[in-house]
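First up is the structure itself, then whatever we jot down about it.
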Amino acid sequence: MSGGVDSAVAAARAVEAGHDVTGVHLALSKNPQTYRTGARGCCTVEDSRDARRAADVIGIPFYVWDMAERFHEDVVEDFYAEYAAGRTPNPCLRCNEKIKFAAVLDRAVALGFDAVVTGHYARKGEDGLLRRAVDPGKDQSYVLAVLTPAQLAHSMFPLGDTPKDEVRIEAEERGLAVARKPDSHDICFIADGDTSGFLKNRLGSRTGDIVDAATGEVLGSHDGAHQFTVGQRHGLGLKRPAADGRPRYVLSITPVDNRVEVGPRESLRIDRIRTAAPVWLGPERAGRFECEVQLRAHGEVYPATVTAEDGGLTARLHKPAYGVAAGQALVVYDPDRERGDSVLCSGTIDATTPAEHSYASASVIEGAAGV
Amino acid sequence: MAYLDHAATTPMLPQALDAYVRTARELGNASSLHASGRAARRTVEESRERIGEALGAKPSEVVFTGSGTEADNLAVKGLHWARRASGRNRLVTTAIEHHAVADAVAWLGDHEKADVTELPVDKLGRVDVEVLAELLDEHADAITVITCMWANNEVGTIQPVCEIAALAAPHGIPVHTDAVQAVGHTPVDFAACEADALTLSGHKLGGPTGTGALLLRRDTKLTPLLHGGGQEREIRSGTLDVPGIAALAEAVAHAVRTQEAESQRLAVLRDELVARVREAVPEAVYNGDPEHRLPGNAHFSFPGCEGDALLMLLDAAGVECATGSACSAGIAQPSHVLLAMGAGEDDARSSLRFTLGWSTTKADVDALAAALPEAVERARSAGLS
């Protein structure tokens, strides 16, 4: 129970469904003051209090579990390492994979519990498949797609069939004070929301060039390639506008020589994506198949042809995508408008291929990933 | 439900509750001059006399406070401030104090540049008096105050406070003792011990939460924390809590009067609890001094289990206990007391405290013995995460 409205209602629903429920709040920092405050995130002392109050109202026992060390090792350190390698990680997904449905679930099962219940918006069908939530705006199946079938089998998502605004109304009706608490955004372990400053603190500053990808001309400088994300437009600090007067975007990041390449939006157009070894949640498929893929949390959905080969996935998108960063997950869905699209598998994006060009810029990213 | 956490708080004694309710119906500020005020004042002064009599203190040596924590802060900071001088800025404390003392000392160190010496303990959790003796031989002039708890709140070890006070007396160094866990549970005689200040708390001995007192010698100088009406010897300000004080006196008088018989009863029950825990979990380590300890305290480490997991499983089975002092719960910190006793971090995190009190019966021990084996088995399979 994060202290937010979703996990509170999920807990209440699990109780109502007849389960013997215990509320658990995860302490993710040895020093909770350093994490985001209650209005926006989770994981602070105030959030812990909100969670405890919700548990009181629901009438279930409540404990704080100290996961600070595991969280730091598996999520925060991974976050640094990925940025240092020129990739863009999704820490929420990593937290689900390593903490909530791994460390917490393992401990819970050992202590005699059957499942972890969370307030994620996703559905689990009777067929055991992970499906999109009813509320398309809130669907979180993307950040859950990293779970293994075994993890999924011990998970419950009671909110998947309800739109968020109804969950808030329900919270109000249940007398839960968190009913109107704002949704959490941003990254919980970056207290002031300044990701760039957070990375700079740890990874340091090192001046490097911002280069025009097409001409090789040095356009400006930056103080650390790890502060950029592919597709980023703002914060480049370029003094001169591009020759054509159009905005420039980060196209690639090369940590080895601390180089950031920029160019026009068209250069972000990609239509082929290669991933690392996938995790299969649905029935494993060999060879080539038609499906839909999603490339970031709450991102657009692309019809695609996916080939599972050589220990990874290759997705050919039927329409181009823009600004796809290595390190994000590619989640493959089997469309099902009736019961909700089901997750077939997911894989971490290793490389992308520009829509018209050859494989050149992808190799840059691959090289970066090896750092 | 089996409540085995009396060191956290113990139920109010019926006679203390009666005294509270009876007095709470009465009107009057004990500082007012009219009839109602005089009646309230009479209750306060009678209570002061009862507490003094029970603990070997003169009535004028009893300073009422709002909690044990307040009394500890008043003593540690107040004595240090009053004695601080050029060349004298050192507090002597122990490695096993409750946070109410430890954090007050740490604050003086951090914010007021006080020097701090922490006396070590042996593996039974008993403060090493020799270290103090050596310190006094060389640096007595530099010491403002010595504070050492009477009995430890986690492992129950009774401390050589009066030896410490006897060592300090010739040097004129005031000694404070946090006797929150001791009063009513082991003999405490303020006159016989040469300590200058002693903290007690209402809710640890059958009185109400929000009441406490500092026993303080008349001639010991102390700088107040709270300034205001000067109600308590100009040392502590704040309108006196007449019903709380009446109930506190009732509880202290009762707990001290029945202490010997009750201690024997509890020690028998506690020894049975210890035997049955060892029977159920042979590898459990019994912490603290097996002899010189509080009669209602049993403290164990369960190797391979996390204290928090055990607590949760026992709670679900209707048995309530603690992992350490309640203040450090929430986010688990290995107990500083066990670490000071030489335990490793894993042992310190695998500990549970069972504390018995006036309402404890054999049924509570039975409930623990019944629930413990399964809890330990599950906690062990969850391991130390």
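Since every read-out is calculated from the coordinates, none of them should be taken as a lab result. Bear in mind that the values here come from a model prediction, so they are computed numbers and not experimental data. Glycine gets a Cβ as well: all are built from the backbone with ideal geometry, and neighbour counts include every protein chain shown.
Observations, loosely collected:
- Gain on full extension, evaluated as 0.36 nm per residue between B:ASP122 and B:HIS171 minus their Cα-Cα distance, stands at 15.1 nm.
- Hydrodynamic analysis of segment A:78-173 uses the Kirkwood radius over alpha carbon pairs. Inserted into Stokes-Einstein at 10 °C and 1.306 mPa s, it gives a translational diffusion coefficient of 110 µm²/s.
- Across all Cα pairs in chain B, the calculated P(r) in 10 Å bins from zero up to the longest distance comes to 5, 24, 31, 24, 13, 3, 0 percent per bin.
- Annotation for segment B:1-77 versus segment A:166-216: alpha-carbon center distance of 52 Å.
- Mean shadow area of the protein assembly as shown over all directions, Cα convex hull, nm²: 39.5
- Taking the Cα atoms of chain A, the ratio Rg/Rh between the radius of gyration and the Kirkwood radius comes to 0.99.
- Around A:ASP212: net Lys/Arg minus Asp/Glu count, Cβ-Cβ under 11 Å: -1
- Check: segment B:12-161 dipole with +1 on Lys, Arg Cβ and -1 on Asp, Glu Cβ, in debye: 860
- Label point distance in nm, B:HIS227-B:GLU26, each placed 7 Å from Cα along Cα→Cβ: 3.3
- Average projected area [Cα convex hull, segment A:268-369], square nanometres: 6.2
- When only the Cβ of Lys, Arg, Asp and Glu is charged (+1, +1, -1, -1), the dipole of chain A relative to its Cα centre reaches about 700 debye.
- When the C-alpha to C-alpha distance is required to be over 22 Å, the pairs from A:LYS98/A:LYS319; B:LYS77/B:LYS113; A:LYS164/A:LYS319; A:LYS30/A:LYS164; A:LYS30/A:LYS124 that qualify are A:LYS98/A:LYS319; A:LYS164/A:LYS319; A:LYS30/A:LYS164; A:LYS30/A:LYS124.
- Note on segment A:205-263: the alpha carbon radius of gyration divided by the globular reference 2.2 N^0.38 Å gives 0.99.
- Placed amide H near B:ASP178: partners under 5 Å, 5+ positions off or other chain: B:CYS148, B:MET149, B:TRP150, B:THR199
- Here is how the number arises for the protein assembly as shown: DSSP H runs of 4 or more residues each give -39500 (n - 2.57), the sum is divided by the residue count, and the result at 222 nm is -10000 deg cm²/dmol.
- Cut-off under 5 Å, modelled amide H: who pairs with A:THR88 long-range: A:ALA326, A:GLY327, A:GLN328
- Mean per-residue shielding of peptide A:103-113 is 4, counting Cβ atoms of other chains within 10 Å of each Cβ.
- Farthest positive-ward along the protein assembly as shown dipole, Cα basis, beta-carbon charges - from A:PRO91, B:SER36, B:PRO224: B:SER36
- Inter-chain Cβ neighbour count for A:62-73, averaged per residue, equals 3 (cutoff 10 Å, partner chain atoms only).
- Ranking A:GLY216, B:MET341, B:VAL365 by how far each Cα lies toward the positive end of the dipole of the protein assembly as shown (charges on Cβ) leaves A:GLY216 at the top.
- Relative intensity, log₁₀ I(q)/I(0), of segment A:302-358 from a Debye sum that treats every alpha carbon as a point, q = 0.26 Å⁻¹: -1.27
- Sequence-distant aspartates and glutamates (8 or more away, or on other chains) whose Cα lies within less than 17 Å of A:LYS138: A:ASP6, A:ASP161, A:ASP165, A:GLU166, A:GLU170, A:ASP183, A:ASP186, A:GLU300, A:ASP341
- Charges were assigned to the Cβ only: +1 to each Lys and Arg, -1 to each Asp and Glu. The resulting dipole of the protein assembly as shown about its Cα centre is roughly 1740 debye.
- Helix B:35-55 axis, angle to chain B major axis (alpha carbon atoms, nearest 10°): 50
- For segment B:26-141: Kirkwood Rh in Å [reciprocal of mean 1/r, alpha carbons]: 17.1
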